[in-house]
Amino acid sequence: MVAPDKMFDGQHYDYVFDVDVQDGVPPLKLPYNRGENPYEAADRFLLAHTLPASYREQVVQFIIQNTGGAGQAAAAAAAAAPSSDFVDPYSRTRDNEVKVGEIRSLLAKIKASYPEERATVALKTLNAYCLNLLKQPAEEKFRRIRKSNAAFQQRVASLEGGEGCKVLELVGFRTDDSGEFYVVNEALFDRKAVEATCSELGR
């Protein structure tokens, strides 16, 4: 449904859709302009409302269906003439799926390879790191982990196969220049991978 005034957060849009994501919850607003890449609009919508990356294709199809195909034309045009900073949405989706698959495999390996209590502690610790990043991504204390920290060493780094550290690296952590900390690398930080990790651990 298109909102009558087509205004959202003080800006004018060609469309402002009401999107129902859950029964009993008020619909969320999805703004969109003609000619905009629907994948970028979908990414913005998911990020704004902290929704799972798995909704991305559904949101894109919703835009295409409710704009009379205008969104589909915009996506095709963007893919046909990429700029230097354009990321092919299909390639980006495939890359993310590969990364999420690796994370799932690592988490499953932790569950299968270590005693239940040890595995549970490791998984809960990884979940805490990821949840903190999702809830307060700009908070510095959640963007760095001291590698010598006793809790980190005991719960995550001590896994002989290195699975815990590999999960952190897949979501965007890297060792800093001092070698003392894992820090979030802005260029590698993958919010969707973080969301997928939390979703998997929350099952």
Of the residues that make up region 119-138, is at least one over 23 Å from the mean Cα position of the chain (by Cα) and under 26 Å from Asp177 (Cα atoms)?
no
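Looking at this structure, is Phe173 among the aromatic types (Phe, Trp, Tyr), in contact (Cβ under 8 Å) with a residue 12 or more places away in the chain and more than 30 Å from Phe45 (Cα to Cα)?
Details: among the aromatic types (Phe, Trp, Tyr): yes; in contact (Cβ under 8 Å) with a residue 12 or more places away in the chain: yes; more than 30 Å from Phe45 (Cα to Cα): no.
Criteria not met by Phe173.
Listed residues Lys135, Lys147, Lys124, Lys166; which is surrounded by 14 or more Cβ atoms within 10 Å (Cβ to Cβ) and within 28 Å of Tyr55 (Cα to Cα)?
On the way: Lys135 fails: surrounded by 14 or more Cβ atoms within 10 Å (Cβ to Cβ); Lys147 fails: within 28 Å of Tyr55 (Cα to Cα); Lys124 fails: surrounded by 14 or more Cβ atoms within 10 Å (Cβ to Cβ).
On inspection, the qualifying residue turns out to be Lys166.
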Do the conditions hold for Leu159, that is, is it buried (at least 18 other Cβ atoms within 10 Å of the Cβ) and within 18 Å of Ala193 (Cα to Cα)?
no
Pairs please, first residue from region 116-138 and assigned by TED's automatic domain parsing to the domain that holds Glu195 and in contact (Cβ under 8 Å) with a residue 12 or more places away in the chain, second anywhere and of a type in the set (Asp, Glu) and not in a helix (DSSP H, G or I), Cβ atoms under 9 Å, 6+ apart in sequence or on different chains.
Leu133/Glu139
Would you check if Tyr114 is farther than 30 Å from Asp18 by Cβ, more than 22 Å from the chain's Cα centre (by Cα) and modelled with pLDDT of 55 or more?
yes
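Within region 10-26, can you find the residues that are free of Cβ contacts under 8 Å to residues at least 12 places away in the same chain and not in a strand (DSSP E or B)? Don't jump to the end; show me each part of the working.
Pass one, region 10-26, residues free of Cβ contacts under 8 Å to residues at least 12 places away in the same chain: 10, 12, 20, 22-26.
Scanning region 10-26 gives Gly10, Asp20, Gln22, Asp23, Gly24, Val25, Pro26.
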When the residues of region 1-12 are filtered to those that are farther than 17 Å from Gln65 by Cα and not charged (D, E, K, R), which remaining residue is modelled with the lowest pLDDT?
Pro4
Which residues, taken from region 99-128, are among the small types (Gly, Ala, Ser), in contact with a helix residue (DSSP H, G or I) (Cβ under 8 Å, 6 or more places away or on another chain) and within 21 Å of Phe142 (Cβ to Cβ)?
Ala122
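The values are calculated or read from the model by the stated rules, or taken from the named source; none is laboratory data. Bear in mind that the values here come from a model prediction, so they are computed numbers and not experimental data. FYI the Cβ positions are ideal-geometry reconstructions off the backbone, even for glycines, and counts take in every protein chain you see.
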